[in-house]
Amino acid sequence: MRNMHLVLLCTSLVIGHAAAAPSTPCGDSCSGTTGNDDVNNLLQMRNGGEVGYLKLAEKKMAHGIRNHEYRNRSMTHLHRFCDGGKEVDLCGFPHYEFDAWKYDDKAKLETYHMDSEPKLVHGHACLELWDVHAETEQECRNYEKAFAILHDQANVSSYEVPGGLPGVPSSFHMMGAVSAGTHFVLVEFVHNFYRIDKMGLTSGDVLFDVGGNIACFSVVAAKTFPDLKVVTFEANPINFLLAHHNVAANDLKDRVSVIGRAINGDGSDLPVLYMFDNPGSSYGRYGSKLTQNHDLAGDSFIVPATTMEAAVTKYSPEHGSIAVKMDCEGCEHFAVDYLSSIEGRIKSLRGEIHQIDDASRSQMETTLSFFKRLDPSFECTWCSGFFGNASVL
């Protein structure tokens, strides 16, 4: 199998330091490539075959990370996530170009080199978070901390996902951390790993996207099914802010609600850890007794939670058809009993299941059986080694 490189033709942000960007419109975007064998190897292992390329096309403007004047000239740069909270500059992100990233063969796109550092260009970029307001003081502190991490520690880019996805003919933009994990997630959607177009959803259905990450699944599903309502649950505040931005930047706020809550078995607050190398694998510590942010490492949070039953009752109270996507790094094991009790309402299921220390073997068997019943095409890469010859396989 030949070695394939992930192609990134992107407008990039290096979320940086104290350098202030001029308040002029964003400059031209850039193009370039980077090789990422880890991403391709992961995808090859998952799909069992050769992968193509994630071609994130070049554009003249960073659509999806919009200058606030482009969106609304009367809108201020400054925002507080709660009354009395810290003031943050939503448009305080320096805008960088990777203009030295080049590829040598546009047809094969297999060779690449990078011969200089990114350079700062005129302009600034905004996160569309003006309507994010915390309900509690702890939640406000979480948002402030998450925003500071995005601003000071993370590298963030706007990626254009190419048109031609089943059900989504036009390209669109997603903002995410520059990491192997983000690239891997984008490749999954370019290759239609979740078969979203085959979910058979119609007007009146509600999709629960549990473990929304930066809202890729929610955005693709909403674009694929124009009358679909989506409720996205993302526990990690950093991913939540990016998910909220992506929904807003794709003009989907009328149909996609992003909820900054974890899903667990009892609705109690949950410690969650942010993974810089793979933000989608940020996980909850379900067996932890930690209850205060000061007990945690700098990249962790105590977040509010709810149960799957409470979520469905609140956002789909009419007992109509629902669909569920679960990729929440273990919370599926604490939601499956309730979901099994309303199995007749579930029109379609997508997602992944995870082996975690806080779930028993019996719980994980129940989860696997549920997934296989509702999605006959579901595959679990670790289950055969874990369960052996169990009948659930």
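The values are calculated or read from the model by the stated rules, or taken from the named source; none is laboratory data. Because the structure is a prediction, the values reported are computed rather than measured. Ideal geometry is used to build each Cβ from the backbone, glycine not excepted, and the neighbour counts take in all protein chains shown.
Annotation note: Cβ proximity below 9 Å between a residue of segment 324-347 that is crowded, with 16+ Cβ neighbours inside 10 Å and a residue that is of a type in the set (F, W, Y) and assigned to a helix (DSSP H, G or I) (sequence gap 6+ or interchain) occurs for K325/F217; M326/F371; D327/F217; E332/F370; E332/F371; V336/F370; V336/F371; L339/F370. Looking only at residues in segment 247-276 that are small (G, A, S) and either farther than 17 Å from A222 by Cα or not assigned by TED's automatic domain parsing to the domain that holds D209 (or both), the one that is surrounded by the fewest Cβ atoms within 10 Å (Cβ to Cβ) is S268. When restricted to residues that are part of a loop (DSSP other than H, G, I, E, B) and either surrounded by 14 or more Cβ atoms within 10 Å (Cβ to Cβ) or in contact with a strand residue (DSSP E or B) (Cβ under 7 Å, 6 or more places away or on another chain) (or both), segment 348-391 contains 10.
In segment 163-184, the qualifying residues are those that are of a type in the set (A, V, I, L, M) and surrounded by 22 or more Cβ atoms within 10 Å (Cβ to Cβ), and the one that is farthest from I322 (Cα to Cα) is A177. When residues in segment 155-176 are screened for being closer than 17 Å to E128 by Cβ and part of a loop (DSSP other than H, G, I, E, B), 0 of them pass.
State yes or no: is V231 surrounded by 23 or more Cβ atoms within 10 Å (Cβ to Cβ) and either touching a helix residue (DSSP H, G or I) at 6+ places or on another chain (Cβ under 9 Å) or in a loop (DSSP other than H, G, I, E, B) (or both)? For V231, the condition - surrounded by 23 or more Cβ atoms within 10 Å (Cβ to Cβ) and either touching a helix residue (DSSP H, G or I) at 6+ places or on another chain (Cβ under 9 Å) or in a loop (DSSP other than H, G, I, E, B) (or both) - is not met. In this structure, H244 qualifies as surrounded by 21 or more Cβ atoms within 10 Å (Cβ to Cβ), of a type outside the set (K, R) and in a helix (DSSP H, G or I). Screening P166 with (1) closer than 20 Å to S300 by Cβ; (2) at pLDDT 75 or above; (3) of a type outside the set (S, T, N, Q) gives one miss only, at (1).
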